[in-house]
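Report on the structure given below.
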Amino acid sequence: MKALLALALLAAACTSISGATPLPTLDATRAEALLLAADRARAAAFSQADVNPLRPLFAEAAIRALTPQLARLRRRGQRVETEEASHRLVHWAPGPGAGEGVLEVSGRQRVVRAGGPRSGWSRIVRQWQARPAWSGGHWLLAEAGDLPPPQWWSG
């Protein structure tokens, strides 16, 4: 029995790693589409003060990072409306099963209070960094967040 176990362990150790299925890589076009869809899901989450729009594209850790902000909006009876005017991918670094990208978004935004008057729109330009990862057969954002202007990418 011990000899059989030793043989099984030896066979497992000698199995070629090259036989493993390679992880997919996102090209810039598909990365931009993923980041744009995720940014729109993020905007929907803030317009509803609810995490549910994030679930199809965000990993649990990325959702947890946004949960306190969304909970604060909900407690205050507020939501954030965003209208996108333009977007562009200003940075993309692909890797097998992962990557890092920055999407620049411009448009306008306002905070709306339930039952209150609508505030005026503010113009926004922001850069949003995201780290997609291949998980469970599809791409999810493992991390995502706005970059402060000193860290912005010139594109």
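Where a number appears in this text, it was derived from the coordinates with a stated rule and is not lab data. Fair warning: this is a prediction, and the values are worked out from it, not measured in the lab. Here Cβ is always computed from backbone atoms with ideal geometry, including for glycine, and neighbour counts include all displayed protein chains.
Tabulated data
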| item | result |
| --- | --- |
| The chain - share of DSSP beta bridges that are antiparallel (%, nearest 5) | 95 percent |
| Set of region 18-48 residues, backbone N closer than 14 Å to the point 7 Å along the Cα-Cβ line of ALA85 | none |
| Quotient of C-alpha Rg and 2.2 N^0.38 Å, computed over the chain | 1.40 |
| Over the chain, relative contact order from alpha-carbon pairs under 8 Å, at least 6 apart, % | 21 percent |
| The chain, helix-only ellipticity at 222 nm - DSSP H runs n ≥ 4, -39,500 (n - 2.57), divided by all residues, nearest 500 | -11000 deg cm²/dmol |
| Label-point separation in nm, THR67 to ALA93, each point 7 Å along Cα→Cβ | 2.9 nm |
| Chymotrypsin sites (Phe, Trp or Tyr not before Pro) lying in DSSP loop within region 49-150, provided at most 13 other Cβ fall within 10 Å | TRP121 |
| Top positive-direction residue, dipole computed over region 21-155 with Cβ charges, set GLY99, ALA144, PHE46 | PHE46 |
| Computed magnitude of the charge dipole of region 21-155 (debye, nearest 20; Cβ of K, R +1, Cβ of D, E -1) | 760 debye |
